[in-house]
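Enquirer: Would you mind keeping the following structure in view while I ask a few things?
The values are calculated or read from the model by the stated rules, or taken from the named source; none is laboratory data. Source: prediction; values computed, not measured. Don't worry about glycine lacking a Cβ; one is built from the backbone with ideal geometry, like all the others, and counts go over all protein chains shown.
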């Protein structure tokens, strides 16, 4: 049972519990290099203990939060990973890349790369998408004779923006679940805000990045004609089929959102679209379709498809556990009354809840290097605020958190070092390109969120 604020602990004690809990999580991740899952779990227990929860109450609250988060998000993350793996192994990702690049001139190539990053990033987790995109970026750079950053930054901006703003990525999905936001509305507004954000942080910023970091593509992955290809089979699906498969869950979930707005309750159209647009069913249907449109069409046999599906799941174990632990931490905040206290403070302050959400999400990854930790922690804090907001503004709260979670990726972020090593650039050059691109993405995104909040 949740602990009532008035009888659980004093306001000062709850504030102290919050600060010490956050400090514990940050210290464990940064200083002791403990996995975010364990850090969030220990931080949850610290908060509960200081806030006078009994051991049984702490265990019950943490278990409840973990269970509800896994139930709402876990299956979606797993299905998204399978779709992404099939896209890579079938050669579908290669087909998208080759088709778009073949139709682009040197002038339009940065825009094409932004589109490639966004399309590839839609079903894939950031790390998987990055590993897939790097050989493509290097190969295209070499063939086009353009500076590396003119090609790389747009692609990375497309990938990172999808990761921050658009379901079915773990961060947005977790925030949607914790804040009880409408997925269809969040998806629609996320895509709307993502497009101009990608333009600013991608093709436009790449001009500055190419001037500040004037480097060419390293020789990595460029030793033969086959380099840059990720497919494991000789054949590959057509561009139209691949694109249809990738975009299917987006179309289904958007259909549900539109039905909720325009179709009357109880009608057959509303019922069908509501069913098809449920995130789990939409992704399950897409996964089953991908087995045929991507796997079978490309020539993958049953063993190869089974191996591909199996290989998709182990890499996401850490993400699942971190998101689940974030749900447990959130429930501790709720049951101690801390979330209510913080939510009331934000509501009564003169600062916009959207701006506050962004600021909270900015601070945490700057310290921990984890966008996922930032997302689930900020969502837990802001849950009471979201409960009083209309559907559109609750969705914007999710997007504000997503924007804040990618602010100024630096040396404590694994993505920072992946970029540095893959592109063969220095720490300073990585900051002037990747880190500033993430900052531009974050700031542009939250400004658009605030602008949309005035309109809707």
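Enquirer: Which condition breaks for residue 328 when tested against (1) crowded, with 16+ Cβ neighbours inside 10 Å; (2) at pLDDT below 85; (3) assigned to a helix (DSSP H, G or I)?
Expert: (2)
Enquirer: Would you mind telling me which numbered condition in (1) part of a helix (DSSP H, G or I); (2) free of Cβ contacts under 8 Å to residues at least 40 places away in the same chain; (3) over 17 Å from residue 127 (Cβ atoms) residue 421 fails?
Expert: (3)
Enquirer: At least 1 residues that are farther than 30 Å from residue 313 by Cα and modelled with pLDDT under 85 in each: list the helices (runs of 4 or more DSSP H) lying fully within segment 1-78 that qualify.
Expert: Working: elements: 5-8, 11-30, 36-50, 55-69.
Correct list: 5-8, 11-30.
Enquirer: Looking at segment 152-176 only, could you name the residues that are part of a helix (DSSP H, G or I), modelled with pLDDT of 85 or more and within 18 Å of residue 77 (Cα to Cα)? Lay out the reasoning, then the answer.
Expert: If we filter segment 152-176 for residues that are part of a helix (DSSP H, G or I), which is where we start, we get 152-165, 170-176.
Keeping just the survivors that are modelled with pLDDT of 85 or more gives 152-165, 172, 175-176.
Hits for segment 152-176 are 159, 160, 161, 162, 163, 164, 165, 172, 175, 176.
Enquirer: A follow-up question, please. Hey, does segment 357-372 have a residue that's in a loop (DSSP other than H, G, I, E, B), closer than 17 Å to residue 69 by Cβ and at pLDDT below 85?
Expert: Taking segment 357-372 as the starting set, the residues that turn out to be in a loop (DSSP other than H, G, I, E, B) are 369-370.
Next, from what is left, pick out any that are closer than 17 Å to residue 69 by Cβ: 370.
The next check asks that each one be at pLDDT below 85; those that pass are 370.
The answer is yes, given that some residue of segment 357-372 is in a loop (DSSP other than H, G, I, E, B), closer than 17 Å to residue 69 by Cβ and at pLDDT below 85.
Enquirer: Answer with yes or no whether residue 100 is touching a helix residue (DSSP H, G or I) at 6+ places or on another chain (Cβ under 6 Å), part of a helix (DSSP H, G or I) and under 30 Å from residue 119 (Cα atoms). Outline the logic, then answer.
Expert: Working: touching a helix residue (DSSP H, G or I) at 6+ places or on another chain (Cβ under 6 Å): yes; part of a helix (DSSP H, G or I): yes; under 30 Å from residue 119 (Cα atoms): yes.
For residue 100, the condition - touching a helix residue (DSSP H, G or I) at 6+ places or on another chain (Cβ under 6 Å), part of a helix (DSSP H, G or I) and under 30 Å from residue 119 (Cα atoms) - is met.
Enquirer: Can you tell me which residues in segment 311-322 are under 12 Å from residue 39 (Cα atoms) and modelled with pLDDT under 85?
Expert: To start, the set of residues in segment 311-322 that are under 12 Å from residue 39 (Cα atoms) comprises 321-322.
Listed by number, the list holds a single entry, 322.
Enquirer: Residue 409 - would you say it is farther than 17 Å from residue 365 by Cβ and touching a residue at least 12 places away in the same chain (Cβ under 8 Å)?
Expert: Details: farther than 17 Å from residue 365 by Cβ: no; touching a residue at least 12 places away in the same chain (Cβ under 8 Å): yes.
Considered against the rule, which asks whether it is farther than 17 Å from residue 365 by Cβ and touching a residue at least 12 places away in the same chain (Cβ under 8 Å), residue 409 comes out as no.
Enquirer: Here's a follow-up. Regarding residue 443, is this residue modelled with pLDDT of 90 or more, part of a helix (DSSP H, G or I) and under 19 Å from residue 208 (Cα atoms)? Walk me through how you get there before you give the answer.
Expert: Details: modelled with pLDDT of 90 or more: yes; part of a helix (DSSP H, G or I): yes; under 19 Å from residue 208 (Cα atoms): yes.
Against the criterion (modelled with pLDDT of 90 or more, part of a helix (DSSP H, G or I) and under 19 Å from residue 208 (Cα atoms)), residue 443 qualifies.
Enquirer: Let me ask another. Might you let me know whether segment 99-114 holds any residue that is within 17 Å of residue 247 (Cβ to Cβ), over 19 Å from the mean Cα position of the chain (by Cα) and free of Cβ contacts under 8 Å to residues at least 40 places away in the same chain? If you could, list the steps in order and put the result at the bottom.
Expert: To start, the set of residues in segment 99-114 that are within 17 Å of residue 247 (Cβ to Cβ) comprises 99-100, 114.
Subset that is over 19 Å from the mean Cα position of the chain (by Cα): 99-100.
Those still in the list that are free of Cβ contacts under 8 Å to residues at least 40 places away in the same chain too: 100.
Yes: segment 99-114 contains one or more residues that are within 17 Å of residue 247 (Cβ to Cβ), over 19 Å from the mean Cα position of the chain (by Cα) and free of Cβ contacts under 8 Å to residues at least 40 places away in the same chain.
Enquirer: Ok, one more. When you scan segment 312-321, do you find a residue that is surrounded by fewer than 23 Cβ atoms within 10 Å (Cβ to Cβ), free of Cβ contacts under 8 Å to residues at least 60 places away in the same chain, in a helix (DSSP H, G or I) and under 24 Å from the mean Cα position of the chain (by Cα), even just one?
Expert: Yes, because at least one residue in segment 312-321 is surrounded by fewer than 23 Cβ atoms within 10 Å (Cβ to Cβ), free of Cβ contacts under 8 Å to residues at least 60 places away in the same chain, in a helix (DSSP H, G or I) and under 24 Å from the mean Cα position of the chain (by Cα).
Enquirer: Also: Out of all the residues in segment 298-311, is one or more surrounded by fewer than 15 Cβ atoms within 10 Å (Cβ to Cβ), free of Cβ contacts under 8 Å to residues at least 12 places away in the same chain and not in a helix (DSSP H, G or I)? Outline the logic, then answer.
Expert: Step one: filter segment 298-311 for residues surrounded by fewer than 15 Cβ atoms within 10 Å (Cβ to Cβ), giving 301-303, 306, 310-311.
If we keep only those that are free of Cβ contacts under 8 Å to residues at least 12 places away in the same chain as well, we get 301-303, 306, 310.
In the following step, the residues that additionally are not in a helix (DSSP H, G or I) were identified as 301.
Within segment 298-311 (the criterion being surrounded by fewer than 15 Cβ atoms within 10 Å (Cβ to Cβ), free of Cβ contacts under 8 Å to residues at least 12 places away in the same chain and not in a helix (DSSP H, G or I)), the answer is yes, since at least one residue qualifies.
Enquirer: Shifting gears a bit: Would you pick out the residues in segment 441-450 that are surrounded by fewer than 20 Cβ atoms within 10 Å (Cβ to Cβ) and farther than 16 Å from residue 398 by Cβ? Lay out the reasoning, then the answer.
Expert: Narrowing segment 441-450 to residues surrounded by fewer than 20 Cβ atoms within 10 Å (Cβ to Cβ): 443, 447, 450.
Result: 443, 447.
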